[in-house]
Amino acid sequence: MRTQVAIVGAGPAGLLLSHLLHLQGIESVVLERRDRDYVESRVRAGVLEHGTVEMLRETGVGARMDAEGMVHEGTILRFDHHSHRVDFRELVDRTITVYGQQEVVKDLIARRLADGADLRFEVDDVAIGGLDTDRPTVTAGGETLSADVVVGADGFHGISREHLKGLETVDRTYAFSWLGILAEAPPSTAELVYARHENGFALHSMRSPSITRMYLQVPADEVLADWSDDRIWSELHTRLADDDGFTLTEGPLLDKGITPMRSFVATPMQTGRLVTCGDAAHIVPPTGAKGMNLALADVRVLSHAIGGLLTDGREDLFEAYTDTALRRVWRATWFSWWMTSMLHVQGDDPFADRLALAQLAQVAASRPAAAMLAESYTGLPYEQGWSYR
Ligand code: FAS
Ligand code: PHB
């Protein structure tokens, strides 16, 4: 069999790429090793940048997001038991939308299937070959698919990155992880609260008017079994408390898990006609809410580059993909590291902890510092000339 683009992975990156290519009349096949229910129920990111919202809306997959997503015009930084609001609308005239990653995935799968896409779930033993030709292949389930381009959208633990020639990786692991919960409880705040308490970081986010999403900083090697529901709630009350009467509403836990924190960038993001995007190429700590947004920003550039290659015979855009994508990847990697360093307690480094508090005070007191946070958090403007078509 043959196709124009073979995509490994049906996460947000693989699915959006398949959709954006379809809008250009370019066919693709998506091969996903998990089943559809698993992919649609994985609880991960929760915040969509301004540009992500516009891209999903403009490409016809934003209707449910616009109906159910929660638009936020600011966020709260809480330290020394006081809250400081960063006003996105006033500072940069942009907003974010709280809408779970799994909802984006459901919307993309529904649209791709409605458009007759070749989405293959529960595909085992995917293998990539023919990379020294301009007809690379993907083999799975005993069938070989030849393509003009193979895309590794297979996440951090995927198989595509290992095929990249001259691969160089840089990374940083952090001495802490995030314990995340999903609770059947109405959010106790209208906007996200990022709290830096002497016990550690806590984040109050949400998924809907009746579902709250929260996180606690825990040691990197923490064991989930050591955290009873009562202990989780007790620590959330402690870390989120302020001197202005904040109260936290509890509810039954629907999900809990521990996510390690790392920064990771692999270059190049392409070899011949194999190209990677999203978590297959880079990982950021979730503090800045960049992970999924950065994956989708890669796809915006990549869909334009593949369109240029396969529709207009332009090699230049495709060859420039890595350098173009990396400019945003590194700015988002810096921002995610900066937010993580500012908000998490390092414990064994009192100098770093004092710097973090000073950085928070700077953001709270200085309009330019607050505007810099607001600009990156709501999403850097996309580069000129790189559209998704
Ligand atoms: P994904 O990992 O989402 O998708 C890759 C897909 O490829 C998966 O469906 C996988 O099953 C499939 N695959 C892998 N190997 C394969 C193979 N060999 N053959 C076929 N298919 C294969 N980001 C935030 O912004 N905020 C958060 O709070 C946040 N929380 C997170 C929590 C966790 C536990 C994790 C792991 C990530 C979190 N992220 C968060 C980051 C996350 O949202 C990613 O940035 C986002 O999923 C990236 O999307 P993709 O690049 O599509 O990769
Ligand atoms: C989430 O709602 O899952 C979320 C929100 C903001 C972050 C990280 C995670 O910075």
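The values are calculated or read from the model by the stated rules, or taken from the named source; none is laboratory data. Everything numeric in this text was worked out from a predicted model, so none of it was measured. Reconstructed Cβ throughout: ideal geometry from the backbone, glycine too, with neighbour counts over all protein chains shown. Side chains included, ligands, DNA and RNA excluded: accessible areas come from the protein's heavy atoms. Shrake-Rupley method; radii C 1.70, N 1.55, O 1.52, S 1.80 Å.
Look at where the Cα atoms of the range 234-309 and of the range 91-109 average out, and the two centres are 12 Å apart.
Loop-located chymotrypsin sites (Phe, Trp or Tyr not before Pro) across the range 145-185 with a Cβ neighbour count of 15 or fewer within 10 Å are PHE156, with loop assigned by DSSP. Among HIS204, HIS81, HIS72, the largest mean-square fluctuation in a Gaussian network model of the chain (Cα springs under 10 Å) belongs to HIS81. In this structure the chain gives 40 Å² per residue of accessible area when probed at 1.4 Å with all protein chains present.
Once the Cα gyration tensor of the range 266-389 is diagonalised, what are the square roots of 5 times its eigenvalues, in whole Å and ordered largest first, as equivalent ellipsoid semi-axes?
35, 16, 9
A probe of 1.4 angstrom, applied to the heavy atoms of all protein chains, finds LEU108 with accessible area near 0 square angstrom. Computed from Cα positions, the angle between helix 350-365 and the longest principal axis of the chain comes to roughly 90 degrees.
Highest GNM mean-square fluctuation among THR189, THR287, THR95, for the chain modelled with Cα contacts below 10 Å: THR189.
Take the solvent-accessible surface of the protein heavy atoms, probe 1.4 Å, and return the percent of it on the range 206-363 that carbon and sulfur atoms account for. Write down the numbers at each step before the final one.
Values: 3320 of 6240 Å².
Solvent-exposed carbon and sulfur of the range 206-363 make up 53 percent of the total.
Quotient of the Cα radius of gyration of the range 101-241 and 2.2 N^0.38 Å, N being its number of residues: 1.49. Centroid-to-centroid, using Cα positions, the range 356-386 and the range 1-60 are 29 Å apart.
Rounded to the nearest whole Hz, the Karplus-based 3J(HN,Hα) values (6.51 cos²θ - 1.76 cosθ + 1.60, θ = phi - 60°) of the range 203-216 follow the sequence 10, 9, 10, 7, 10, 6, x, 10, 10, 10, 10, 9, 9, 10, with x at glycine and proline. Take every Cα pair under 8 Å whose residues are at least 6 apart in sequence, average their separation, divide by the length of the chain, and the relative contact order is 21 percent. Among the GluC sites (Glu not before Pro) within the range 167-270, which fall in a DSSP loop and have no more than 13 other Cβ atoms within 10 Å of their own Cβ? Of the GluC sites (Glu not before Pro), the ones in loops of the range 167-270 whose Cβ has at most 13 other Cβ atoms within 10 Å are GLU184, GLU198. For the range 31-139, the share of accessible area belonging to carbon and sulfur comes to 44 percent (1.4 Å probe, ligands and nucleic acids excluded).
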